[in-house]
1. Which of the residues belonging to the range 15-65 are hydroxyl-bearing (Ser, Thr, Tyr) and closer than 18 Å to SER2 by Cβ?
2. Only one of (1) within 14 Å of ARG62 (Cα to Cα); (2) of a type outside the set (Lys, Arg); (3) surrounded by 12 or more Cβ atoms within 10 Å (Cβ to Cβ) fails for THR26. Which number is that?
3. Restricting the first residue to the range 81-109 and requiring it to be closer than 27 Å to THR44 by Cβ, which pairs with a second residue that is in a loop (DSSP other than H, G, I, E, B) and at pLDDT 85 or above meet a Cβ separation below 8 Å and a spacing of at least six or different chains?
4. Under the condition of being among the aliphatic types (A, V, I, L, M) and part of a helix (DSSP H, G or I), which residue from the range 37-62 is nearest to ARG93 (Cα to Cα)?
5. For the range 1-36, which positions are charged (D, E, K, R) and assigned to a helix (DSSP H, G or I)?
6. Between a residue in the range 32-45 that is within 14 Å of ILE102 (Cα to Cα) and surrounded by 12 or more Cβ atoms within 10 Å (Cβ to Cβ) and any residue that is of a type in the set (S, T, N, Q) and at pLDDT below 90, which pairs come within a Cβ distance under 8 Å, given they are 6 or more apart or on different chains?
7. Give ARG99, ARG68 a once-over and let me know the one that is within 30 Å of LEU3 (Cα to Cα), surrounded by 11 or more Cβ atoms within 10 Å (Cβ to Cβ) and modelled with pLDDT under 65.
Amino acid sequence: MSLHEIIERFTLVSGFEMQEASRYLTIISDCAALFEDKISRALTDSESRRMAHACAVYAYYRISCMARDGGLQSFKAGDVQIVTDDDCAAARRLWETERTLIADIISFDDDFAFRSVDV
């Protein structure tokens, strides 16, 4: 899983041009490091490509949520109503799909539970 491949896939997923995507190189490389830390074995070529794509989607999700400006979500004028989709929510749905597709390679177990402690 190379950073160059992740960046190329990020531009495809996000729709950003390479120059615009270069603004987010730090975040993309942080996501790559997170993925690499979670990998506990050598990957096949196919698994490596799947991981690079999932990493690009995860980076896009993180950037979409950070860039959210809380702007106008809907507008209604008389009988006409315009509702825009939240980029963060759309990116989250995409990431959740990718996360299930790579579940056989790594786990992003982000469940949290309070448990009782007997004293």
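1. SER22, TYR24, THR26, SER29, THR44, SER46, SER48, TYR58, TYR60
2. Single failed check for THR26: (3).
3. Hits for this filter: ILE105/ILE39; ILE105/LEU43; ILE106/ILE39.
4. Quick first cut of the range 37-62, residues among the aliphatic types (A, V, I, L, M) only: 39, 42-43, 51-52, 54, 56-57, 59.
Remaining after also requiring part of a helix (DSSP H, G or I): 51-52, 54, 56-57, 59.
On the way: MET51: 17, ALA52: 18, ALA54: 13, ALA56: 14, VAL57: 10, ALA59: 13 Å.
Looking at residues that are among the aliphatic types (A, V, I, L, M) and part of a helix (DSSP H, G or I), I get VAL57.
5. GLU5, GLU8, ARG9, GLU20, ARG23, ASP30, GLU36
6. LYS38/SER107
7. It is ARG68.
The values are calculated or read from the model by the stated rules, or taken from the named source; none is laboratory data. All values reported here derive from a predicted model rather than from experimental measurement. Methodologically, a virtual Cβ is constructed for each residue, glycine included, from the backbone with ideal geometry; neighbour enumeration extends over all protein chains shown.
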